[in-house]
Amino acid sequence: MKDLNTFGVDVNTKFFVEINSEEDLIEFLGQEEFKNNQRIFLGGGSNVLFTKDFDGIVILNKLKGIEITGEDSENVLVRSLGGELWHDFVTFVVNHGYWGIENLAFIPGSVGATPIQNIGAYGAELKDTLEQVEAFEVETGEKKIFSKEECELGYRDSVFKNNLKGKYFILAITLKLSKIPKPNLSYKILKEYLEKNKIKINGPKASPVGLQPRDISDAVTFIRQDKLPNPKIIGNAGSFFKNVFVSKEQLNNLLKIYPNMPSFEEDKVIKIPAGWLIEQCKWKGHKVGNVGVYEKQALVLVNYGGATGSEIVELANKIIASVKEKFGLELLPEVNII
Ligand SMILES: Cc1cc2nc3c(=O)[nH]c(=O)nc-3n(C[C@H](O)[C@H](O)[C@H](O)COP(=O)(O)OP(=O)(O)OC[C@H]3O[C@@H](n4cnc5c(N)ncnc54)[C@H](O)[C@@H]3O)c2cc1C
């Protein structure tokens, strides 16, 4: 499995199946081998950490296809099968000039996994544009369409990580995108980057109507490449931990002791950046054996080569314990530990 998870953890699986067509999938869901084994669906393997060999079936989603399924003067519906690479889908959308997912450019992994944790970056989340999810119930093989509300999308969370965990194979998603410009420059770093690179935005490649979704996705891609380790070179799964929710009262108490503690409000919830907490506990850049905390971003745990999943979990647990001891706050992993 080493090449199928971005942490680059070297584990084996008992069975491995690649799904290349919807018919294959339907047939496979009905087979005894499927029913009698534990199983995990996998896209890009960029949000999983294998801690041991997998005693079951790893099912790799390779279902490809992107189509426009409806439109009016303002919006367009775009459907993608789950095995498409998310960034290829973003590229398709921005090249058509549609708005809504340009801030989510360059997130690794497959389209099918995006609703699982409601991917988010640079002030945008999948839930801003998601229209529906098509999925197969694994027990019955029946197809169900989930509305956005039924997906119960929250901060790096959905019904597929909770009540329906492991119960559905996500076949496709449909997004509602805007034909009308809706740049989301709420993230300072993105706005500053665009302002600094005016020449490019207004240069020969730019459209006469001004800023295009492609300009934003290019900017996001550039910023991300600079800040995050490339999993092909250093194994990682992006942010290992979620930001921490606190009440107003908790925040006020913490600010009395740590007046510089950053916090921000999103969806009426106050969050403290987990990266800051980890950095304050002096973990940033820490290396032990083959594992470590990335030197440019304390949220990212890395495999420098040859690390086991257990070694990474051990480091994560030490970080969780030290943040708990210093701040009394509980860090929760964003990565799916298997
Ligand atoms: C460098 C780097 C940067 C990242 N940056 C971000 C970021 O900015 N924002 C963000 O939100 N995430 C980020 N991530 C995490 C990750 O890329 C996303 O969560 C992505 O959506 C995972 O896709 P995947 O196909 O790799 O999922 P996988 O790791 O293959 O699977 C993740 C989970 O989804 C399940 N799953 C996968 N496909 C299906 C399916 N078809 N049906 C049912 N269940 C399925 C798996 O069983 C598993 O539980 C980053 C990761 C890396 C390595």
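Brief remarks on what is shown
- Subset of the range 296-338 that is at pLDDT 95 or above and charged (D, E, K, R) - its residue that is least open to solvent (accessible area, probe 1.4 Å): Glu334
- Pairs, first without any contact (Cβ under 8 Å) to a residue 24 or more places away in the chain in the range 162-176, second more than 9 Å from the ligand (Cβ to nearest atom) and open to solvent by 40 Å² or more (accessible area, probe 1.4 Å), C-beta under 8 Å, six or more apart: Asn162/Glu152
- For the range 1-78, the strands (runs of 3 or more DSSP E) that sit wholly inside it and include 2 or more residues that are over 22 Å from the mean Cα position of the chain (by Cα) and farther than 13 Å from Val138 by Cβ are 13-19, 54-61, 66-71.
- Test: Val90 is open to solvent by less than 20 Å² (accessible area, probe 1.4 Å), touching a Pro at 6+ places or on another chain (Cβ under 6 Å) and over 16 Å from Asn336 (Cβ atoms): no
- Considered as a group, the residues in the range 118-153 that are open to solvent by 20 Å² or more (accessible area, probe 1.4 Å) and touching a Lys or Arg at 6+ places or on another chain (Cβ under 8 Å) include one that is modelled with the lowest pLDDT, and that residue is Glu139.
- Restricting attention to the range 14-51 and to residues that are within 13 Å of the ligand (Cβ to nearest atom) and more than 21 Å from Val111 (Cβ to Cβ), the residue that is surrounded by the most Cβ atoms within 10 Å (Cβ to Cβ) turns out to be Phe50.
- Residues in the range 97-117 that are within 21 Å of Leu185 (Cβ to Cβ) and either hydroxyl-bearing (Ser, Thr, Tyr) or not in a helix (DSSP H, G or I) (or both): Gly97, Tyr98, Trp99, Gly100, Ile101, Ala105, Phe106, Ile107.
- Scanning the range 117-172 for residues that are touching a Leu at 6+ places or on another chain (Cβ under 9 Å) and among the β-branched types (Val, Ile, Thr) returns Ile119, Thr129, Val133, Val138, Thr140, Val159.
- The condition (being modelled with pLDDT under 95 and on the phi > 0 side of the Ramachandran plot) is satisfied by just one residue among Asp226, Asp215, Asp267: Asp267.
- When residues of the range 271-295 are limited to those that are open to solvent by less than 60 Å² (accessible area, probe 1.4 Å) and within 16 Å of the ligand (Cβ to nearest atom), the one nearest to Asp53 (Cα to Cα): Val291
- Pairs where the first residue, in the range 316-338, is farther than 23 Å from Gly8 by Cα and the second is within 16 Å of the ligand (Cβ to nearest atom) and open to solvent by 30 Å² or more (accessible area, probe 1.4 Å), C-beta under 9 Å, 6+ apart: Leu331/Lys242
- Residue in the range 103-117 that is buried (at least 16 other Cβ atoms within 10 Å of the Cβ) and touching a Cys at 6+ places or on another chain (Cβ under 9 Å) present: yes
- Inter-residue pairs, beta-carbon under 7 Å, first within 30 Å of Val17 (Cα to Cα) and acidic (Asp, Glu) and in the range 65-85, second open to solvent by 70 Å² or more (accessible area, probe 1.4 Å) and outside any strand (DSSP E or B), 6+ apart: Glu84/Lys64
- Among the residues of the range 119-153, those that are farther than 23 Å from Tyr98 by Cβ and within 12 Å of the ligand (Cβ to nearest atom) comprise Ala135, Phe136, Glu137, Val138.
- Enumeration of residues in the range 70-97 that are among the aliphatic types (A, V, I, L, M), under 21 Å from Phe146 (Cα atoms) and touching a helix residue (DSSP H, G or I) at 6+ places or on another chain (Cβ under 8 Å): Val78
The values are calculated or read from the model by the stated rules, or taken from the named source; none is laboratory data. Here the structure is a predicted model, which is why all the values come from computation and not from measurement. Backbone-built Cβ (ideal geometry, glycine too); neighbour counts: all protein chains shown. These area figures cover heavy atoms from the full protein model, side chains too; ligands, DNA and RNA do not enter into them. Shrake-Rupley method; radii C 1.70, N 1.55, O 1.52, S 1.80 Å.
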